[in-house]
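The values are calculated or read from the model by the stated rules, or taken from the named source; none is laboratory data. Fair warning: this is a prediction, and the values are worked out from it, not measured in the lab. Positions of Cβ are generated from backbone atoms using ideal geometry, with glycine treated the same way; all protein chains shown enter the neighbour counts. Accessible surface areas use protein heavy atoms only, side chains included; no ligands, DNA or RNA. Shrake-Rupley method; radii C 1.70, N 1.55, O 1.52, S 1.80 Å.
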Amino acid sequence: MSVTTAEAAVETVQRRLREAGVKYAMSSFVDLHGNIKTKFVPLAHLPQMAAGSELFTGAALDGLPQDISDEELSARPDLDSAVQLPWRKDVAYFSSDLYHEGQPFEAASRNILKRQLEAARELGFTFNLGIETEFFVLKDTPAGPVEVSDRDNLSKPCYTAPAALDNFEWLTEMVEAMNEMGWGVYSFDHEDAQGQFEIDFTYADALTMADRAVFFRLMANEMVRKHGYFATFMPKPFADRSGSGAHFNMSLADIKSGENLFETDDDPRGCGISALGYQFIAGVLKHAPAICAVIAPTVNSYKRLVRKGSMSGSTWAPVFVSYGNNNRTNMIRVPLVGGRVECRAADISGNPYLGAAIILAAGLEGIRENLDPGEPHTENMYNYSEAEIISNGLGLLPRSLGEAIEEFAADSLSREVFGEKMYNAYIDYKSQEWDEYQAHVSEWETKRYLKFF
């Protein structure tokens, strides 16, 4: 883009935002966790912001590995990503790429995903992604956080109408805001646990979807706060309720025609997926334990990845490195209509840029190496005994963050995708998180052991 063209693009966006009533702009990016970091500038300063005027010290943030003596990181906004904050119309939000010394910063989450998207383009593919957003909305009370509706009291509350209607004001505010931004909401409901909801919106290219997923978490919290509530993206906030997933629905498309390359009418295995789709699945399964450290990135994530434990009798989360047809007990599911694959191990606490990057890299490896995932599992995987697990040669997903980080560290794909600095930073941070958790003495322990002996 020439200087003149770049300046014209900035002026066009600036004029459109000014006419919409915007007074301030956010140059925003995410840290290791996918939490948004930003600086605000008056809209008149947008040309300077677009040129990278806003500087950030990576050493002050998680997962932006810098020494305090290093040159600051420059945030350069993606002009196409501009959205007006639905709850604060005088502010526009921009997803930004981080630069260091004039070059894309290797360890920035958005840049990590963009590198894998370029690898897909070199093979002739675009990567389409839909992320299902599950979350809890609760209110604080002296007795602790509780669900908003006093009618949200069923043992199996999934799809319950009364509790959803009691939350309809903030739900529809969010849905209308998302549709105003062009996200294409097609469904929303009360989910499997008391206080839990899901809003589903149309898939997009992976970069756009990752931008939207991180913005969604900010938007949800800001919009429900007006009603005296808070949104939580903790994967498993209650031991006796289902956890919050963020299922990744994925397909590859032809870069020229846009044709979905996972669709087929000729699948002898009966899942409704193409040979390319099976290769993609095989690559993801090959690296599943390492991937798990990224898409289930917290200590709490592994309270969700168990076979039983919620009030409704199942966590609805996978525990095996397996795939199948429209069978929700597998890590990778091919939904009923086919044409896409769904990773069910991902939860809502993940950094979607990093999660999308490592899954895409694994899938592309499966394609390059012509890998085969074997026959699909159509049975209820939760019913397997320990002996049957062994006899069938089934691999298990990591049982804890500690196991997942060991798998991540041992897998060469992790270093390849993340780059040296972010690979080490991720291992260091998550290892420390695990060590702190192991050293913590919980209420369960004191109740069980304090007067046990």
Tell me, what is the per residue accessible area of the stretch 293-426 in Å², probe radius 1.4 Å?
36 Å²
Could you state, as a whole-number percent, how many of the C-alpha pairs of the stretch 179-231 are farther apart than 17 Å?
45 percent
If you wrap a convex hull around the C-alpha atoms of the stretch 1-123 and split its volume per residue, what is the figure in Å³?
122 Å³
Out of every Cα pair in the stretch 60-149, what percent are spaced more than 23 Å from each other?
54 percent
Leaving out ligands and nucleic acids, note down the accessible area per residue over the stretch 68-115 with a 1.4 angstrom probe, in whole Å².
43 Å²
At most 16 other Cβ within 10 Å, DSSP loop - GluC sites (Glu not before Pro), the stretch 158-262
Glu259
Any idea which of Asn111, His100, Phe125 is furthest toward the positive side of the dipole for the stretch 67-150, if Lys and Arg beta-carbons carry +1 and Asp and Glu beta-carbons -1?
Phe125
Debye-sum result for the stretch 64-209 in log10 I(q)/I(0), which assumes one identical scatterer on each alpha carbon, at q = 0.09, 0.18, 0.20 Å⁻¹
-0.45, -1.09, -1.18
For Trp444 and Arg15 in one chain, what is 0.36 nm times their gap in residues minus the Cα-Cα distance, to one decimal in nm?
148.7 nm
Need one value: the accessible area of Leu360 in square angstrom, 1.4 angstrom probe, rounded to the nearest 10.
0 Å²
Cα-based Rg (one decimal) and Dmax (whole number) for the chain, in Å?
22.3, 78
Putting +1 on Lys and Arg Cβ atoms and -1 on Asp and Glu Cβ atoms, find which of Thr298, Ala204, Pro162 reaches farthest to the positive end of the dipole of the chain.
Pro162
Mean Cβ count within 10 Å, highest first, over the residues of peptides 292-305, 201-214
292-305, 201-214
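Taking only the alpha-carbon atoms of the stretch 350-424, what semi-axes of the equivalent ellipsoid follow from 5 times the gyration tensor eigenvalues under a square root, in whole Å, largest first?
27, 17, 12
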Within the accessible area of the chain (1.4 Å probe), percent carbon and sulfur:
50 percent
So which trypsin sites (Lys or Arg not before Pro) in the stretch 380-453 end up in coil per DSSP with only 14 or fewer other C-beta atoms within 10 Å?
Arg399, Lys451
Calculate, for Ala239 and Thr4, the FRET efficiency according to 1/(1 + (r/R0)^6) with r their C-beta to C-beta distance and R0 41 Å; round to the nearest 0.05.
0.10
Pop a pseudo-label 7 angstrom from the Cα along the beta-carbon direction at both Val337 and Asp435 and give the gap in nm to one decimal.
4.9 nm
Which of Lys37/Lys236; Lys89/Lys226; Lys236/Lys421; Lys114/Lys256; Lys156/Lys236 exceed 20 Å between C-alpha atoms? The answer is Lys37/Lys236; Lys236/Lys421
Give me the one-decimal Kirkwood hydrodynamic radius in Å for the stretch 316-453, with the sum taken over alpha-carbon pairs.
17.6 Å
Working out 0.36 nm times the residue gap between Ala161 and Asp67, then minus their Cα-Cα distance, what length gain in nm do you get to one decimal?
28.6 nm
Qualifying chymotrypsin sites (Phe, Trp or Tyr not before Pro) for the stretch 328-400 [loop in DSSP, other Cβ within 10 Å: at most 11]:
none
Unit charges on C-beta of K, R, D, E only; dipole of the chain, Debye:
800 debye
Quick one: accessible area per residue over the stretch 4-54, 1.4 Å probe, rounded to a whole number of Å²?
50 Å²
I want to check the label-to-label distance for Ala143 and Ala60. Put each point 7 Å from Cα in the C-beta direction and report it in nm to one decimal.
4.3 nm
Out of His377, Leu336, Leu285, whose Cα points farthest toward the positive end of the dipole of the stretch 284-431 (charges: +1 Lys, Arg; -1 Asp, Glu; placed on Cβ)?
Leu336
Just to be sure I understand: of the beta bridges DSSP finds with both ends in the chain, what percent are antiparallel, rounded to 5?
90 percent
